[in-house]
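Single-structure report; data block below.
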Amino acid sequence: MDSSKYNPAQQAKSKIDPNAYGSEFQWGRKADGHELMIWTDAVHGTGKYGITKTQNDNPTDSLFIAPDFGNSNAKYTWRVHPDNDLWKGVDAPNNPCPVSYRLATNDQTQPAGANNEWLEEGVTWESEDFEGAYDSKLKLTLSGWRDSNNNIQYAGTLFGDYWSGSMASDGKAYLFADLPAGYHTTYWNRAHFGVALGSVVRCIKD
């Protein structure tokens with residue numbers, strides 16, 4: 001919010017508008033500063049603050065927690081103890097959204113029929129791909145994701161990934177993602193990532 005680019009009244013101007021990408025959160029973490037990004041253009045971005053490899057259930061700083069992914073005990077999570085409810089609902093303990101807003105559930109991001117209906121709001125897309133995502137009322141962008149080295153991947157080129165508030169049975173969190181050719185599908189659909197990876201959020205009013 002301290003950025004000169006911050007303007008909640010301005011929708012994305014294109015599907016590769018870095019000013020509309022948003023912050024890259026680790027699933028379940030509070031908006032404590034770890035999510036803040038510095039975008040240099042539509043493709044390149046890095047976290048505002050540094051990283052640490054120390055897992056922590058209750059971080060007290062703004063560092064992005066990047067556990068040792070070579071360690072099988074890390075399980076792609078920033079936490080020591082799993083908690084599936086951190087972003088579940090408007091009263092979730094770490095809800096990253098403003099008061100009375102929350103993240104969509106996994107079911108609410110499920111494509112429905114020939115015309116994709118997102119968030120149960122009847123937002124229809126002309127095509128189930130990133131062109132349709134941007135052309136819809138939601139103006140979704142290709143925001144990519146943030147890796148364990150605190151750098152952005154595939155922004156402005158291939159991926160738009162948005163966390164839901166739901167956890168999968170394998171300990172990874174569901175997100176709504178554009179998965180291009182070579183990644184099993186060519187339309188927006190559900191996927192799930194390790195919660196230590198960074199992705200953007202969109203909030204809905206409860």
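No lab work stands behind these numbers, since they all come straight from the coordinates. Every value quoted in this text rests on a predicted model; they were computed, and no experiment measured them. A quick note on method: Cβ atoms are made from the backbone with ideal geometry, for glycine too, and the neighbour counts reach across all protein chains shown.
Results, tabulated for the structure shown:
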{"quantity": "Length added when fully stretched, Asp68-Asp91, from 0.36 nm per residue minus Cα-Cα", "calculated": "5.1 nm"}
{"quantity": "Separation in nanometres of the label points that stand 7 Å from Cα toward Cβ, at Asn84 and Lys13", "calculated": "4.4"}
{"quantity": "³J(HN,Hα) computed for each position of region 28-37 - Karplus, 6.51 cos²θ - 1.76 cosθ + 1.60, integer Hz, glycine/proline x", "calculated": "x, 7, 5, 7, 9, x, 4, 7, 5, 10"}
{"quantity": "Distance between modelled label sites at Ala168 and Cys203, nm, 7 Å Cα→Cβ extension", "calculated": "2.7"}
{"quantity": "Under-5 Å amide H pairs with Gly144, H placed in peptide plane, nonlocal only", "calculated": "Gly156, Phe159, Gly160, Asp161"}
{"quantity": "Residue-by-residue Karplus 3J(HN,Hα) for region 132-148, coefficients 6.51, -1.76, 1.60, Hz, glycine and proline x", "calculated": "x, 5, 6, 6, 6, 4, 6, 6, 5, 10, 8, 8, x, 9, 9, 9, 6"}
{"quantity": "Using a Förster distance of 45 Å, the FRET efficiency for Asp135-Thr54 (Cβ separation, nearest 0.05)", "calculated": "0.55"}
{"quantity": "Gain in span if fully extended, Ser3 to Thr157, counting 0.36 nm per residue against the direct Cα distance", "calculated": "53.0 nm"}
